[in-house]
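Trainee: I'd like to ask some things about the structure below.
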Amino acid sequence: MPAEIVPPHIEILLVGMNGDLRGKRIPLAAEKKVWDDTVRLPSSTQSLDIWGDDNDDITGLSLTIGDPDGVCLPDKRSLAPMPWGPEGSVQVLSTMHEMDGSPSFMDPRAILASVLKRYAERGFTPVVATELEFYVVQDDWRETGKPRPPEKLMYRGEPNGFQLYDMSAVDALDDYLQTVRAWAKAQDLPADATTAEFGPGQFEINLLHRADALAAADDCIYLKRIAEQAARKHGLKSTCMAKPYADQAGSGLHVHASIIDRDGNNILDARGGDPVRLRSVCAGMLNTMRDAQLIFAPFANSYRRFQPGSFAPVDIDWGFGHRGTAIRIPDKDGPAARIEHRVAGADANPYLLLTAILGGMLIGLDETLDPGPATEPGKEPPAGTKRLTHDFLTAVEDFSASPFIKDVFGERYQKLYGDTKRKEAITFLRTVSDFDYRTYLPRI
């Protein structure tokens, strides 16, 4: 019998708290309901934790209030083909709105849009680019209980050493990477360089800058999905876990940002002089970094990435061209003058990440702040430099008590996100690990 022909469809997608995509799959023959703004999902869809639990007992946003519907309003700019689906299938991102027409306070796209509105009111536009690192692993992780590198990168069961910028590692997984690039092109993503990173099966794909931070976040979330779907096609799995291997490099999500005025001028351009505005926006981000670390590192695993001697920053510092700092200034003069925020892991929600970064930069635009002395190459951070936390629960409490988070994310979202992550952190602390049994059971 001939293979059944699967009809094309449209997927209308919502971005959840953890950067996960949820939504509905609708036959293309019925896609009119998408554009008529009649697709509904429970508004609590965007309150789900990493396990998919709505936590109604601590949030009161689901059954307690009758689990009301919200309306998924599609953003037509994000309409893109799905090359992995039946021919003709497309996807579109949407923003959850309440039944009264207001954006849901839980929607990450709406939260980012509210910060961008503050920039627009000041006559400014952020220009943003992201650099996403991720691992590709064998697809037997469910059976083995842990990831392992693709066979093509192994020799006698062991990785072939560090693969930083190693073209042989790129060549070994060329079929997979070619699929990623072809699908990114099909979706019109501004994908630029692809490089092999330190860990076996770890790669980085740069997305070019956009003068639309919401579109830049959309690009990043679509790239994550492409990496995942392409891996499935090739019998692999991609992961954006911040630290999938204890003895290998973690994966980051670096953000480059500048700001242009109504005339298209980069207001961070120092023009050969003192980069006063660059320094001030750095200070804004540094002053809010501990408050926002839960956004940059949203899971228990995220905190395994912050290790001394790695490229993941542990100090709340800044520097010119220094890749060990939390905030790096690659260029201070000319149209390319910008900051690079290096704290977030690949597991961060790109919409919430950009909200936190741009919110901090906004403080440095509204005031003239001093970030203190820069960390110089080859030297330790200046005396008195504060540090990021290595503790998940501490980050939760800093986030939950922060006036900055309350202002930028809204009081209701601060409580929702903080309460949900507190439950996750406490669950992690209550879990006795194999390390505990191996180390303490024989000796104590």
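The values are calculated or read from the model by the stated rules, or taken from the named source; none is laboratory data. Predicted, not measured: the structure shown is a model, and the values here were computed from it. Please note: Cβ atoms are built from the backbone with ideal geometry, for glycine as well, and neighbour counts cover all protein chains shown. Ligands, DNA and RNA are stripped out before the accessible areas are found, and what is left, the full protein with its side chains, is counted by its heavy atoms. Shrake-Rupley method; radii C 1.70, N 1.55, O 1.52, S 1.80 Å.
Trainee: Could you identify which residue out of Trp141, Trp84, Trp51 has the top mean-square fluctuation in a GNM of the chain using Cα springs shorter than 10 Å?
Mentor: It is Trp51.
Trainee: Related question: Just how far, in whole angstrom, is segment 358-387 from segment 256-273 if you go by their alpha carbon centroids?
Mentor: About 19 Å separates the Cα centre of segment 256-273 from the one of segment 358-387.
Trainee: What are the extents of the Cα atoms of the chain along their three principal axes, in Å, largest first?
Mentor: Cα extents, longest axis first: 72, 60, 49 Å.
Trainee: Follow-up question, since we're still on this one. How large is the charge dipole for segment 207-291, taken about the Cα centre, if only the Cβ atoms of Lys, Arg (+1) and Asp, Glu (-1) carry charge, to the nearest 20 debye?
Mentor: On the way: 12 positive and 10 negative charges, 74 e Å.
In debye, rounded to 20, segment 207-291 gives about 360.
Trainee: How many Å² of accessible area per residue for the chain, probe 1.4 Å?
Mentor: On the way: 20280 Å² over 444 residues.
With all protein chains present, the chain gives 46 Å² per residue.
Trainee: Another question about this same structure. In what sequence, highest mean first, do 67-75, 295-303 appear when ranked by Cβ atoms within 10 angstrom?
Mentor: Working: 67-75: 18.3, 295-303: 23.4.
For the peptides 67-75, 295-303, the packing ranking is 295-303, 67-75.
Trainee: Using the Cα centre of segment 355-444 as origin and beta-carbon charges of +1 (Lys, Arg) and -1 (Asp, Glu), tell me which of Pro381, Ala356, Ala401 is placed farthest towards the positive end of the dipole.
Mentor: Going by the Cα projections, it comes out as Ala401.
Trainee: Can you find, among Thr38, Thr130, Leu153, the residue farthest towards the positive end of the dipole of the chain? Put +1 on the C-beta of Lys and Arg, -1 on that of Asp and Glu.
Mentor: Leu153
Trainee: Same structure, new question: Quick check: Cα centre of segment 180-204 to Cα centre of segment 118-148, how many Å?
Mentor: That distance is 11 Å.
Trainee: Treating only the Cβ of Lys, Arg, Asp and Glu as charged (+1, +1, -1, -1), what charge dipole size does segment 159-274 show about its Cα centre? Round to the nearest 20 debye.
Mentor: Values: 11 positive and 17 negative charges, 92 e Å.
Here the size comes out at about 440 debye.
Trainee: Roughly how many percent of the accessible protein surface of segment 283-340 is carbon and sulfur, given a 1.4 Å probe and a whole-percent answer?
Mentor: That share works out to 50 percent.
Trainee: A follow-up question, please. Can you pull out the trypsin sites (Lys or Arg not before Pro) in segment 300-358 that DSSP calls coil and that have at most 13 other Cβ atoms within 10 Å?
Mentor: Sites meeting the loop and neighbour criteria: Arg323.
Trainee: Lysines near Lys415 by alpha-carbon distance under 16 Å, same-chain residues fewer than 8 away left out - which ones?
Mentor: Candidates past the 8-residue exclusion: Lys406, Lys423.
Trainee: Could you check how many percent of all C-alpha pairs in segment 397-444 are farther apart than 12 Å? Could the numbers behind the result be given before it?
Mentor: Numbers: 759 of 1128 pairs.
Result: 67 percent of Cα pairs exceed 12 Å.
Trainee: Helix-only estimate, please: 222 nm mean residue ellipticity of the chain, summing -39500 (n - 2.57) across DSSP H runs of length 4 or more and dividing by its residues, to the nearest 500. Can you show the working numbers first?
Mentor: On the way: 14 runs with 141 residues, N = 444.
For the chain, the value works out to -9500 deg cm²/dmol.
Trainee: Also, quick follow-up: Just going by the charge dipole of segment 282-355, with Lys and Arg at +1 and Asp and Glu at -1 on Cβ, which of Gln293, Gly321, Tyr303 is farthest out on the positive end?
Mentor: Tyr303
Trainee: If you place +1 on the Cβ of every Lys and Arg and -1 on the Cβ of every Asp and Glu, how big does the dipole about the Cα centre of the chain come out, in debye to the nearest 20?
Mentor: Details: 50 positive and 64 negative charges, 73 e Å.
Its charge dipole is roughly 340 debye.
Trainee: For segment 15-124, with all protein chains present and a 1.4 Å probe, just round the carbon and sulfur fraction of the accessible area to a whole percent. Don't jump to the answer; show the numbers that get you there.
Mentor: Working: 2700 of 5080 Å².
With neighbouring chains kept in place, the figure for segment 15-124 is 53 percent.
Trainee: With a 10 Å radius around each residue's Cβ, average the other Cβ atoms per peptide and rank 125-134, 359-368, highest first.
Mentor: Working: 125-134: 22.5, 359-368: 19.5.
Top of the packing list down: 125-134, 359-368.
Trainee: What's the ranking of 425-436, 225-236 by average number of surrounding C-beta atoms within 10 Å, highest first?
Mentor: Working: 425-436: 11.2, 225-236: 19.5.
Packing order, densest peptide first, comes out as 225-236, 425-436.
Trainee: Across the Cα atoms of segment 136-240, what radius of gyration and what greatest pairwise Cα-Cα distance (Dmax) are found, in Å?
Mentor: Values for segment 136-240 (Cα only, Rg and Dmax): 14.2, 48 Å.
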